[in-house]
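Student: My questions all concern the structure below.
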Amino acid sequence: MKLQSLSLIFFKNHSDFKWEGVDDVVAIAGLNGAGKTSILDAIHFLCVGKSYFASTDVQCIQNDALQSGIIAKLKTDKLTDLKIKLKRGGRKVIERDGVPYKKMLEHIGQFLAVVIAPSDIELVYGANEKRRSFINQILCQVDGGHLIDLMTYNKLLDHRNKHLKQDMIDDALIQTLDTQIAPLAQAIYAKRETFLSKFSAVFANEYHRISGERERIILHYTSQLQSNSYLDVAAHCRSKDLVLQRSNGGVHKDELELELGGLNLRKYGSQGQIKSSLIALKLAEYKYLQKHTSKNPFLLLDDIFEKIDEERAQVLTQIIKNDNFGQIFITDTNEHRLTAFCEAIGKPYTTLLLA
């Protein structure tokens, strides 16, 4: 999979950006605010159907513009035209070869991208929702059924939470909703457990490599459904739900924690260990997607050399050189550092300079 051309119209800080290329590596150099990250985000948007860095689509439209667009040509086994249209107050439209998708579900998993960026620090320091979202996105790209289960589960959960805020609670309605939620919760839990049993091993191996084979890390997954059915969990939480007016039982409460040397990484890890864990998580994501889709995702590296020390930078460079990666886009404020990286990994590259 290779991006051959990209055009951005009023997308973030690019009013009219155009690029064409065929190299394996695209190095993007420029000062902060020049729009380097916006280019990576556009590629992620093309693949996943949403921004990696903005929480809403409208944040990707320039302040004074009514709409924005991304236009690209991607080469897989054939050349594909992709177009994304964003409009204030309107719905997002994604077109493939001139034909709009009827549902976003049709697009998910067709094209893949993995981002490594400074904002990934939230995977360690953020709430469990961040880590659940991380594994959900990986799973949904290889299993459309999981995405449908999640969407249905969240819709029913929202209905349940809204009813819990009412003055008069209809126990029969809550029971009906729980009966509908139960099989979805069980399916989501089962897929997460299966996924994490495989993913955790890959993650631990990647961290071991990045740490110079000095440390081993563990990804812990805990769920209320590990020892009880959803209906039992919901019944146990019923009194608490009524007091707090929200649902306290279910897979939306699943937790993932990183442990290094028997200690919680978030509380006791050094900055170097935390940065290594983030890179390892993303490399594990890449390996998992690659194995289960037989595709090489785009690897999008955003200012990573600003955030890691020289030793880890060298290890990461060797991993990228020796492993099988697809097309790589990398940004940095330092053009000479970018050039050194590209020459070290030995792949054909081009350098894009942004003013």
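The values are calculated or read from the model by the stated rules, or taken from the named source; none is laboratory data. Not measured: the values here are computed from a predicted model. Cβ: placed from backbone, ideal geometry, glycine included. Neighbour counts: every protein chain shown. Heads up: the accessible areas ignore ligands, DNA and RNA and are worked out on the full protein's heavy atoms, side chains in. Shrake-Rupley method; radii C 1.70, N 1.55, O 1.52, S 1.80 Å.
Student: Identify the residue in the range 198-214 that is in a loop (DSSP other than H, G, I, E, B) and either under 19 Å from LYS287 (Cβ atoms) or touching a residue at least 60 places away in the same chain (Cβ under 8 Å) (or both) and, among all such residues, is least open to solvent (accessible area, probe 1.4 Å).
Tutor: SER211
Student: Right, another one. Suppose we filter the range 216-242 for residues that are under 16 Å from LEU265 (Cα atoms), in contact with a helix residue (DSSP H, G or I) (Cβ under 7 Å, 6 or more places away or on another chain) and not aliphatic (A, V, I, L, M); how many remain?
Tutor: Qualifying residue count, the range 216-242: 2.
Student: Report every pair of residues separated by at least 6 positions or lying on different chains whose Cβ atoms are under 6 Å apart, first residue within the range 231-247 and at pLDDT 95 or above, second open to solvent by 80 Å² or more (accessible area, probe 1.4 Å).
Tutor: GLN245/LYS165
Conditions (1) closer than 30 Å to LYS78 by Cα; (2) open to solvent by 20 Å² or more (accessible area, probe 1.4 Å); (3) modelled with pLDDT of 95 or more; (4) touching a Lys or Arg at 6+ places or on another chain (Cβ under 7 Å), marked per residue:
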| site | (1), (2), (3), (4) |
| --- | --- |
| SER270 | no, yes, no, no |
| GLN273 | no, yes, no, no |
| SER276 | no, no, no, yes |
| ILE279 | no, no, no, no |
| ALA284 | yes, no, yes, no |
| LYS295 | yes, yes, no, no |
| LEU301 | yes, no, yes, no |
| GLU306 | no, yes, no, no |
| ASP309 | no, yes, no, no |
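Student: Quick check on my filter: what residues within the range 326-348 are at pLDDT below 95 and of a type in the set (Phe, Trp, Tyr)?
Tutor: Listed by number, the list holds a single entry, PHE341.
Student: Can you name every residue in the range 110-130 that is touching an Asp or Glu at 6+ places or on another chain (Cβ under 7 Å) and open to solvent by 50 Å² or more (accessible area, probe 1.4 Å)?
Tutor: PRO118, LYS130
Student: Now for a separate question. Can you go through GLU106, GLU95 and tell me which one is open to solvent by 10 Å² or more (accessible area, probe 1.4 Å), in contact with a strand residue (DSSP E or B) (Cβ under 6 Å, 6 or more places away or on another chain) and of a type outside the set (Val, Ile, Thr)?
Tutor: GLU95
Residues checked against (1) open to solvent by less than 70 Å² (accessible area, probe 1.4 Å); (2) among the basic types (Lys, Arg); (3) in contact with a Gly (Cβ under 8 Å, 6 or more places away or on another chain); (4) under 25 Å from LYS103 (Cβ atoms):
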| position | (1), (2), (3), (4) |
| --- | --- |
| ARG132 | yes, yes, no, yes |
| CYS140 | yes, no, yes, yes |
| ASN154 | no, no, no, yes |
| HIS163 | yes, no, no, no |
| ASP171 | no, no, no, no |
| GLN175 | no, no, no, no |
| THR179 | no, no, no, no |
| TYR189 | yes, no, no, no |
| LEU196 | yes, no, no, no |
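Student: Also, quick follow-up: Can you go through ILE43, ILE28, ILE9, ILE39 and tell me which one is within 23 Å of the chain's Cα centre (by Cα) and part of a strand (DSSP E or B)?
Tutor: Selected residue: ILE28, the only one of ILE43, ILE28, ILE9, ILE39 that is within 23 Å of the chain's Cα centre (by Cα) and part of a strand (DSSP E or B).
Student: Right, another one. Determine which member of the set LEU225, LEU256, LEU289 is buried (at least 18 other Cβ atoms within 10 Å of the Cβ) and either among the aromatic types (Phe, Trp, Tyr) or part of a strand (DSSP E or B) (or both).
Tutor: On inspection, the qualifying residue turns out to be LEU256.
Student: Still on this model: Mind checking which residues of the range 59-82 are open to solvent by 70 Å² or more (accessible area, probe 1.4 Å) and in a helix (DSSP H, G or I)?
Tutor: GLN59, the sole residue that qualifies.
Student: Exactly one condition in (1) open to solvent by 20 Å² or more (accessible area, probe 1.4 Å); (2) in contact (Cβ under 8 Å) with a residue 12 or more places away in the chain is false for PHE329; which is it?
Tutor: (1)
Quick grid of which residues meet (1) modelled with pLDDT under 95; (2) acidic (Asp, Glu):
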position	(1), (2)
LYS18	no, no
GLY21	yes, no
SER38	no, no
ILE43	no, no
LEU46	no, no
ASP64	yes, yes
ILE71	no, no
LYS75	yes, no
